[in-house]
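Asker: Below is one structure. I have some questions about it.
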Amino acid sequence: MPEPAPSPVIPGEVLLHICCGPCATWPVRQLREAGSRPVGFWYNPNVHPYREYMLRLQSCRAMAAAVGLPLEVRDDYALRDYLTRVLPFGAGPERCSECYRIRLEATARKAQEIGLGAISTTLLVSPYQQHERLAAVARQVAAECGLSFVYQDWRAGFRQGRVESRALGLYHQGYCGCVFSEFERYAPGDKRPVREGRS
Ligand code: SF4
């Protein structure tokens, strides 16, 4: 997958999809330092089980309050819809592509609804995501919706973001989100499916 090029211009306003509070700290700071006014957007029906979802949402709200980030929350926990879309892809990397697409499509729709012309995602800070795949999906979704996608490789700030989010007392999760990732994180190695890349 080709290496994405960073966006040469950071727009004044960006709807920033937030996967969790800890991952948001670094991208929010970077966008602000580039002169942008990010608005956060929570939509993560991929997170299982529901109690884990609630912990992450609370952490996201706490982060937003701590750093003064305007936050839009879409809290319909569309478990069945989510599974219907990702299950056909099984254990392969395409499952994550569809998972990214679900969340970024919702982000693009929210951006259109509130009149913002650009989207991005805090998933770009995580070294555990399939970075190039994620950037390609996000760029495609934004283009389909007539929006721009703000791409920055924020991974160098992942550790610093963790330090800052611990100082804020935010909850830190142990796995990506879906039940498959929970299994892949905690099951003994001989039970895990063979996968391309890590999530
Ligand atoms: S591993 Fe993460 S990105 Fe991949 S499908 Fe599961 S929650 Fe989504």
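Asker: Val14: open to solvent by less than 10 Å² (accessible area, probe 1.4 Å) and either over 24 Å from Val150 (Cα atoms) or part of a helix (DSSP H, G or I) (or both), yes or no?
Answerer: Answer is no for this residue.
Asker: Follow-up. If Ala5 passes every condition in (1) touching a helix residue (DSSP H, G or I) at 6+ places or on another chain (Cβ under 9 Å); (2) of a type in the set (Gly, Ala, Ser); (3) open to solvent by 10 Å² or more (accessible area, probe 1.4 Å) but one, which one does it miss?
Answerer: Condition (1) is where Ala5 drops out.
Asker: Modelled with pLDDT of 95 or more, more than 16 Å from the ligand (Cβ to nearest atom) and in contact with a strand residue (DSSP E or B) (Cβ under 6 Å, 6 or more places away or on another chain): which single residue out of Val73, Val67 fits that description?
Answerer: Of Val73, Val67, the one residue that is modelled with pLDDT of 95 or more, more than 16 Å from the ligand (Cβ to nearest atom) and in contact with a strand residue (DSSP E or B) (Cβ under 6 Å, 6 or more places away or on another chain) is Val73.
Asker: Among the residues of segment 43-79 satisfying the criterion of being outside any loop (DSSP other than H, G, I, E, B) and β-branched (Val, Ile, Thr), which is surrounded by the most Cβ atoms within 10 Å (Cβ to Cβ)?
Answerer: Here the residue is Val67.
Asker: Now for a different question. If the Cβ limit is 7 Å and pairs must be 6+ apart or interchain, which residue in segment 88-100 that is touching a residue at least 40 places away in the same chain (Cβ under 8 Å) and among the polar types (S, T, N, Q) pairs with which residue that is more than 7 Å from the ligand (Cβ to nearest atom) and assigned to a helix (DSSP H, G or I)?
Answerer: Listed by first residue and then by second, the contacts come to Ser97/Arg133; Ser97/Val137.
Asker: May I pose another question? Would you say Ala135 is open to solvent by 10 Å² or more (accessible area, probe 1.4 Å), assigned to a helix (DSSP H, G or I) and over 20 Å from Arg74 (Cα atoms)?
Answerer: no
Asker: Restricting attention to segment 108-133, report how many residues are in contact with a Cys (Cβ under 8 Å, 6 or more places away or on another chain) and within 15 Å of the ligand (Cβ to nearest atom).
Answerer: Adding up the residues that qualify gives 9.
Asker: Which of the following residues is within 16 Å of the ligand (Cβ to nearest atom), open to solvent by 10 Å² or more (accessible area, probe 1.4 Å) and not in a loop (DSSP other than H, G, I, E, B): Arg185, Arg162, Arg166?
Answerer: Arg185
Asker: Evaluate the following for Gly40: is it open to solvent by less than 10 Å² (accessible area, probe 1.4 Å), touching a residue at least 12 places away in the same chain (Cβ under 8 Å) and not in a helix (DSSP H, G or I)?
Answerer: yes
Asker: Would you call Val150 touching a helix residue (DSSP H, G or I) at 6+ places or on another chain (Cβ under 7 Å) and open to solvent by less than 50 Å² (accessible area, probe 1.4 Å)?
Answerer: no
Asker: Taking only segment 109-126 into account, find how many residues are touching a residue at least 40 places away in the same chain (Cβ under 8 Å) and assigned to a helix (DSSP H, G or I).
Answerer: 7
The values are calculated or read from the model by the stated rules, or taken from the named source; none is laboratory data. This is a predicted model, so every value here is computed, not measured. With ideal geometry, Cβ positions are generated from the backbone for all residues, glycine too; neighbour counts draw on all protein chains shown. Ligands, DNA and RNA are stripped out before the accessible areas are found, and what is left, the full protein with its side chains, is counted by its heavy atoms. Shrake-Rupley method; radii C 1.70, N 1.55, O 1.52, S 1.80 Å.
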